[in-house]
Structures are given as C-alpha cells and as structure tokens.
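Written below as structure tokens is the structure these notes are about.
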Amino acid sequence: MVIFSTGFNYKTAPVEIREKLAITENNYGLILEKLNSIEDVYEICVISTCNRVELYGVSNDNVGKVKEEILRILSQYSAVPVNTLKDYLFFYTNKEAIRHIFRVSSSLDSMVIGEPQIVCQFKDSFTKAKEYKAVRHILTRLFDKALNVSKKIRTSTGISRRAVSVSYAAVLLAKKIFGDLKDKNVLIIGAGEMAELAAKHLHSLNVKHIFVSNRTFEKAVELADKFSGSAIRFEKIQEFLPEADIIIVSTGAKEPILKKEDVKRATKSRKDPLFIIDISVPRNVEESVNELEGVYLYNIDDLKQVVNSNLEERKMEAQRAEFIIDEEVEKFVKWLNTLKVSPVISSVRDYADKLRQQQLEKLFKQMPYLNEKERETIDLAMRSLINKLLHRPTMYIKDKAAKEGNTEVVKIFEDMFSSKWDFRKKGKNLEEIEDIVRKEQ
C-alpha cells in the first residue's frame, strides 16, 4: 500500500497550465469517478483552487502505472499533451506525500502563509470525495489528522495572526485608531476586489453602517447589498463626507477624488478623528489632506510596509509549524505501519478462537450435565484467558511494526502461528518433521 500526493500548483506550474486543469463544480464528479476507476488506486481525493490542482490517494505499489493513468486522464480533460503535463507534475509517496498534505491543510504551502481559505477548500474536497465514495479508511484518517494538525498549528503558532493583505491591514489600522468600530460609519469609494475585501473585513467587525459609492451606480448597489449597506451616487460624495468616520478609496481614477479643501469643509465642525485609507494606484487622495488636524491618511505604500513586516513574522512562525508537521508525520507513519500487522494479529486471534471452540466442544461432551449458565461461564473464562495471553504479544508486535525496519520481527511472529508448525498426528522424528514442513511450504 502506498499513499501518494500529486498534481500541479503555483510552485510547479504556470497559471496558463493550472487554469486549463482547474476542475469546476459541474465536472468534479466525472473527473473523480475516472480517477477512482484506475485499477491500482484504492482511494482518491481531488482539491482544485486558483493556486493548485492536486490529487491525494492510496494505491498499490505500482505507482508508476498510477502516475501514467493520472496524467492520461488529466490530459484528456485539459487538452494539454501528456508530455507537457509531465514537465510540471510533482509526485510524492508515503512520508513525503503525508508531509505535503499536512503542509497544504495548514497553509504552509500556500502562496500567502497562514491564509485561512485553504482549510475550507480542503474540507470541501474531502466532503465531495466522501459523497462519491472515493475515500475510505486510510484517507479518512489522513484528512482528519491533517485538519487536526492545521488547527494545532493555528492555535500554537502565529502564522495567521498578522494582516498580510492590504485591505485587511487597512481595517486593522482603523481599529487601532478608533478601538471599537461598532458606532462608526464607513464610506467605500470604489467597488473593485480590494474595496469588497475591505468591506468584508469591516462588516465582520460590526461597523454601524457601510456606504458604497462608485462611478457605475449599479456596481455600488451590488456591493452595498452584500453587506446590508447603502449605495451613494458618485456625484454626491462631497455631501456625505461629514457623516463618514472611515473612508476607504480604491478606484482607477487618474487624479485625486478627495482634495484637501473638500476634506477640510467636511471636518470643520467634527470632533472625532477621520480615518482615510487610499489603496488606489495612482493615489486618489491629495497627500496634503494629511496636514489637516484630526485627519489620518494612509496610502498603499504605508500599508505594504505593515504587510511586508507581518509576512516576515509569519515566515518565522512557519518554522515552528514545520516542527509540528514533522512530529505528526512520524505519528501517522507509525499508525500506517501498525496496519501492516493487523491481518497477522487477526489470523492469530482466529486461530486462538478455533482452539477455544474445539476445546469447549470436547469439554462439553465430557460434561453433558452442565447447564447453559455454567457453559457460558466457562466460555467467558476461556475468552478472558485467551485475551490476556495474547494482549502482551499483540502490543509487542504492534510496537515493533510501528518502527520502520522491523519487517523481520513481524515475519517471525507470523511464522510462529503458521500451520506449518502444527506437528500433531504427524512425524515422530526430526527427518519426518522436516519432510512435512517442506511439503507444506
């Protein structure tokens, strides 16, 4: 049995390859069924995000054939030749595969270390694979462990504690200035991706109200509706400025939208500070606005300094997380190794149970006067005795199996209970016994 992880991600393949391989909601089931039908694959799961298309699975030892079949299926799906895909494919097995899966679930393999989205994507991919009955015992245990490792890393290290997006850094700066934002009105000028991300963060902090303004009024309405806010027509911005506590500007304008005189009029009778964040390039707020008393203006370069500093801190925390990964990989590998001896332990217990049944049958024939209750008591006593006798050797062999390189010990244990060592009713001397063993082999 082999655990493998393979596929393409932002480290190994360019975006033009990844976008062709991206698996949509509509065709996920079809691709998964094709991959699960590979003869040498026992379990499989697929995760597809903007940065990766990866497969995690369990197969037999014929991993070369598994790799070829995966490439063939993905080539048919993406219309990218197999020889091209080969250049970008990574393929890890066993310990390295487990480590990779743990790193992905913990966001240590993400483009932005500590980003939270990967955990949800990881869970969703597993849920889908379960729905299609493509995962069973091994991958279920592996994914559960991967999510536990992810949680452990997030709670015991600081990889997700610092803002590493410009929009989030802007919101944290606002929180630093005002403290509680529950009684603050927010004006967002622009309706693009960064503006929406800022609105999302602010909404999560329960700001009083979010107002959105955009040159295209319909886009302002659409974004405001997402956060139970209100849309303002672009030409009405100056009139609304006195009502805003926090202003986030993110547009594609080539010249300033907010000028010093506009802001000065708006803050003339204002007691509380006004916080303005200009994340536009080029800048959409006149730099001289920062000269006004009670007005705090930050631009994208100010925020990038915060982001870069936080990224460095996350990288340092990631080193601590790697130690946790190494420990958990070793634990999981030990558990996998104990699975190898499970059939041997089962056969030993089956053998002991057959002996118990044979001995009980003989005993009850010799003691026909025993009633049902007495028979049950004797049976329970024999079961208990067998369990106690087998407990220590079972624990011993499991411990040996958990440590790599102990296959010989497991083999000896298996041979000890092999039928080739049953000499009852057989030869009476050494030569006859050896002859019997040779025949039974």
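Each value in this text was obtained by applying a stated rule to the coordinates, not by laboratory testing. Source: prediction; values computed, not measured. No Cβ is skipped: glycine too gets one built from the backbone with ideal geometry, and neighbour counts run over all protein chains shown.
Nearest 500 deg cm²/dmol is fine: what mean residue ellipticity at 222 nm does the chain get from its DSSP H runs of n ≥ 4 alone, each adding -39,500 (n - 2.57), divided by its residue count? Mean residue ellipticity, 222 nm, calculated: -18500 deg cm²/dmol.
Rounded to 0.05, the FRET efficiency of the residue 79 and residue 360 pair, given R0 = 51 Å and the Cβ-Cβ distance, is 0.15.
Hey, which of these cross-link pairs are over 31 Å Cα-Cα: 65/128; 20/331; 254/304?
20/331
Here is the list for the stretch 1-108: trypsin sites (Lys or Arg not before Pro) lying in DSSP coil, each with at most 14 other C-beta atoms within 10 angstrom of its C-beta, are 11. Report the residues of the stretch 269-308 in range of a label on residue 259: point 7 Å along Cα→C-beta, backbone N strictly under 17 Å from it. So the set is 283-292.
Each Cα pair under 8 Å and six or more residues apart adds its sequence gap; the mean of these over the residue count of the chain is a relative contact order of 11 percent. Note on residue 2 and residue 37: their simple-model spin labels are 2.3 nm apart, each label 7 Å out from Cα toward Cβ.
For the stretch 48-94, the spherically averaged projection of the C-alpha convex hull amounts to 3.7 nm². Estimate the FRET efficiency between residue 398 and residue 301 by the formula 1/(1 + (r/R0)^6), using the beta-carbon distance for r and 51 Å for R0, to the nearest 0.05. In this case the efficiency is close to 0.30.
Cα centroid distance between the stretch 331-400 and the stretch 309-324, in Å? The stretch 331-400 and the stretch 309-324 have Cα centres separated by 50 Å.
Extension gain, residue 205 to residue 60: 0.36 nm times the residue separation minus the Cα-Cα distance gives 47.2 nm.
Given (1) 0.99; (2) 1.20; (3) 0.97, which label gives Rg/Rh (Cα atoms, Kirkwood Rh) as computed from the coordinates? Identified label for the calculated read-out: (2).
Phi angles across the stretch 215-223 convert, under the Karplus curve 6.51 cos²θ - 1.76 cosθ + 1.60 with θ = phi - 60°, into 3J(HN,Hα) values of 4, 8, 4, 4, 5, 5, 4, 4, 5 Hz, Gly and Pro given as x.
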